[in-house]
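What follows is a set of notes on a single structure, which appears directly below.
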Ligand SMILES: NC(=O)c1ccc[n+]([C@@H]2O[C@H](COP(=O)([O-])OP(=O)(O)OC[C@H]3O[C@@H](n4cnc5c(N)ncnc54)[C@H](O)[C@@H]3O)[C@@H](O)[C@H]2O)c1
């Protein structure tokens, strides 16, 4: 298939592009390149792509495409909080516009990168009840709300020829040549190496489902070729029950992976009300043979190795690999305008 991969120069897209190519697909990227320089290690070999803002996509960018994988977005809560209206413009309106253009162009499958954050704060005090895709959606941030709105609007576009699929990813971890250090495991491993402390700014009790970036890439590759009736207009949690962990457990795994580091739990009530354990069985049933390969511990060891090998610095950890800091610096330098459009 000829696959348009939006966000191909992001953390997940940089891992996904070669996985899709290895599965025999022709990959065409589309990205504004906001984080294209956020590289740790050798520069990745990007597929050919369009350097364009999602809000400016036209039918030309989609001509000849069989399937779309849509990752491009302001990708976390702090970015969403920075400018809620921009989050809705980019993540919601531009995504729905892209889907309409894709449907008009005869694209048959549209894999959308949603998130387990759509479930929001847990309403079930019994965490042994795993959250399924049928659970009520209670987004607690503009970022998560934007994902819910896209799911709703894409659902309305589904028809006999156009199949949106909602991939509700757990929080990612693991090495990508375009690193993010603002996601929990990647952040804790970096902290452990740079300071000797695995610093948990809460009491550590919230549950977080995690998933390796490479497993997300394999899941999207599987969803691309799964029988239409298995995935058409359906939502899937993407991850594995073995990686349903508390923040304190994540910290313990990191301390074991980074020798000499120790866990520090500050004990304050975290600002983030999310806490849930997730059921991932629906996607395994829809894509037989798929399962996640990476555990949290393996990911922590892999990252610690990568950080050491490529010489992670505190400056890069706090700025280059933190999405919010990169956008603030781009704005201060005049490289993006006040709508986050690149000027050059
Ligand atoms: N990383 C996670 O833990 C995680 C978890 C669940 C869902 N997701 C979703 O997966 C997707 C990819 O996440 P990621 O971690 O790779 O994020 P990322 O920030 O590394 O990548 C996002 C990419 O989108 C591009 N982009 C942003 N705004 C754009 C615009 N206006 N026009 C064109 N391109 C634009 C950026 O340049 C970047 O390359 C996002 O939709 C995110 O919400 C990520």
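Just so it is clear, none of the values below were taken in a lab; they were calculated from the coordinates. Predicted model only: the values in this text are computed from it and were never measured. Counting neighbours? That spans all protein chains shown, and the Cβs are built from the backbone with ideal geometry, glycine included.
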Between 0 and 90 degrees, rounded to the nearest ten: what's the tilt of helix 213-225 against the longest Cα principal axis of the chain? 20 degrees
Most exposed first by the Cβ proxy, i.e. fewest other Cβ within 10 Å, how do 294, 207 rank? 207, 294
Quick one: order 281, 36, 114 by neighbouring beta-carbon count within 10 Å, fewest to most. 281, 36, 114
Fewest-first ordering of 70, 310, 61, 155 by Cβ atoms within 10 Å yields 155, 310, 61, 70
Would the stretch 1-117 count as rounded, prolate or oblate if I go by the C-alpha gyration tensor, calling it rounded below 1.5 in a/c and otherwise prolate when a/b exceeds b/c, oblate otherwise? oblate
Would you mind calculating the relative contact order of the chain from Cα pairs under 8 angstrom and at least 6 residues apart, reporting the percent as a whole number? 19 percent
Taking the alpha-carbon set of the stretch 113-215, what are its Rg and Dmax in Å? 16.4, 55
DSSP-defined antiparallel bridges as percent of all bridges, the chain, nearest 5: 15 percent
So how much slack lies between residue 66 and residue 197, counting 0.36 nm per residue of separation and subtracting their Cα-Cα distance, in nm? 42.4 nm
Simple SL model, points at 7 angstrom along Cα→Cβ for residue 229 and residue 319; separation in nm is 5.7 nm
Taking the chain as the reference, fit the longest principal axis to its C-alpha atoms, fit the long axis of helix 184-195 to the helix C-alpha atoms, and give the angle between the two in degrees, 0 to 90, nearest 10. 40 degrees
Distance histogram in 20 Å bins (all Cα pairs of the chain, percent per bin): 32, 61, 7
The chain, helix-only ellipticity at 222 nm - DSSP H runs n ≥ 4, -39,500 (n - 2.57), divided by all residues, nearest 500: -10000 deg cm²/dmol
With the alpha-carbon atoms as the only input, what is the per residue convex hull volume for the stretch 38-99 in Å³? 115 Å³
Hypothetical label at residue 159: residues of the stretch 80-109 whose amide nitrogen lies under 18 Å (7 Å Cα-Cβ projection): 96-109
Along the Cα-to-Cβ line of residue 105, 7 Å from the Cα, sits a label point; which residues in the stretch 10-30 have backbone N less than 11 Å from it? 28-30
Reduced to Cα centres, the span from the stretch 304-344 to the stretch 38-53 in Å works out to 15 Å
